[in-house]
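The values are calculated or read from the model by the stated rules, or taken from the named source; none is laboratory data. Computed from a prediction, not measured in an experiment: that's the story for all the values here. Backbone-built Cβ (ideal geometry, glycine too); neighbour counts: all protein chains shown.
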Amino acid sequence: MSEQLEHIYDILYESFGPQDWWPGDTPFEIIIGAILTQNTNWTNVEKAIANLKRAKLLSPEKLHKLDKSKLAGLIRPAGYFNIKAKRLKNFLDWFFEEYCGKLKNLEKIPTDRLRRELLSVNGIGPETADSILLYALERPVFVIDAYTVRICLRHHLIKHNTDYHQVQGLFESNLACSHKGRLTADVQLFNEYHALLVHLGKDFCKPTPRCEICPLNKLPHSV
């Protein structure tokens with residue numbers, strides 16, 4: 001399995017090149033983007049973040065103090081804006097109550113504990129929590145999304161009843177490297193691999209797949 005996953009990565013990287021994901025000027029902006037991108041596309045998220053930047057509100061302190069209805073209006077392009085404003089507020093309340101709104105206060109918190117805390121915030125599920133951990137906080141956590149599941153199913157890497165954490169374990173255990181007798185995970189590899197899978201899923205491995213032009217068309221697949 002390790003060799004197969006590495007082979008897939010090599011093909012995708014050669015085909016698409018580096019993805020430079022997640023786009024964002026700061027870790028905090030990446031966190032906001034991870035919450036806003038739920039159930040929408042990135043173009044809409046960019047518009048919402050641009051609104052926050054124009055209003056000079058894209059900081060933990062300013063967003064925490066901002067009225068929820070005003071926040072909802074600013075993030076309207078991201079869709080479900082009232083729900084997402086509430087989710088952002090839930091995250092910010094946790095962030096300030098537990099860590100004084102300072103990202104540096106998260107640095108010494110073990111990843112497993114931090115993940116549990118993020119999942120305790122209403123509106124943050126596994127994919128969002130893991131996106132925050134990997135892309136904003138540079139923790140070695142592999143993000144699983146619908147694209148990844150679809151690709152894995154079509155290439156017989158998982159079965160239909162495989163759950164989120166089992167798929168995540170497949171990547172994390174098989175992509176870990178041995179260092180001084182201990183398995184270690186590569187944040188940059190997890191980052192790039194997930195971004196490449198998203199590219200593949202959006203442009204090729206769609207609900208109606210484009211197998212004839214897919215970079216992975218020589219690998220076993222089932223549609």
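Check off (1) assigned to a loop (DSSP other than H, G, I, E, B); (2) farther than 13 Å from ILE32 by Cα for ARG113 and give me the number that stays unchecked.
(1)
Do any helices (runs of 4 or more DSSP H) lying entirely in region 1-105 carry at least 3 residues that are farther than 20 Å from ASP145 by Cα, aromatic (Phe, Trp, Tyr) and touching a residue at least 12 places away in the same chain (Cβ under 8 Å), and which ones are they?
Passing ranges, in order: 81-99.
Looking at (1) among the aliphatic types (A, V, I, L, M); (2) assigned by TED's automatic domain parsing to the domain that holds PHE171; (3) part of a loop (DSSP other than H, G, I, E, B), which is the only condition ILE124 fails?
The single condition ILE124 does not satisfy is (2).
Pick from LYS53, LYS62, LYS89: which is buried (at least 16 other Cβ atoms within 10 Å of the Cβ) and more than 22 Å from ARG139 (Cβ to Cβ)?
LYS89
I'm trying to understand the selection: among the residues of region 127-140, which are under 17 Å from LYS104 (Cβ atoms) and assigned to a helix (DSSP H, G or I)?
Narrowing region 127-140 to residues under 17 Å from LYS104 (Cβ atoms): 132-133, 136-139.
The answer is ILE132, LEU133, ALA136.
Could you tell me whether ASP145 is in contact with a His (Cβ under 9 Å, 6 or more places away or on another chain) and modelled with pLDDT of 95 or more?
Answer is yes for this residue.
Counting only residues that are hydroxyl-bearing (Ser, Thr, Tyr) and either touching a Ser or Thr at 6+ places or on another chain (Cβ under 8 Å) or within 23 Å of ARG139 (Cβ to Cβ) (or both), which one in region 1-41 is surrounded by the fewest Cβ atoms within 10 Å (Cβ to Cβ)?
This residue is SER2.
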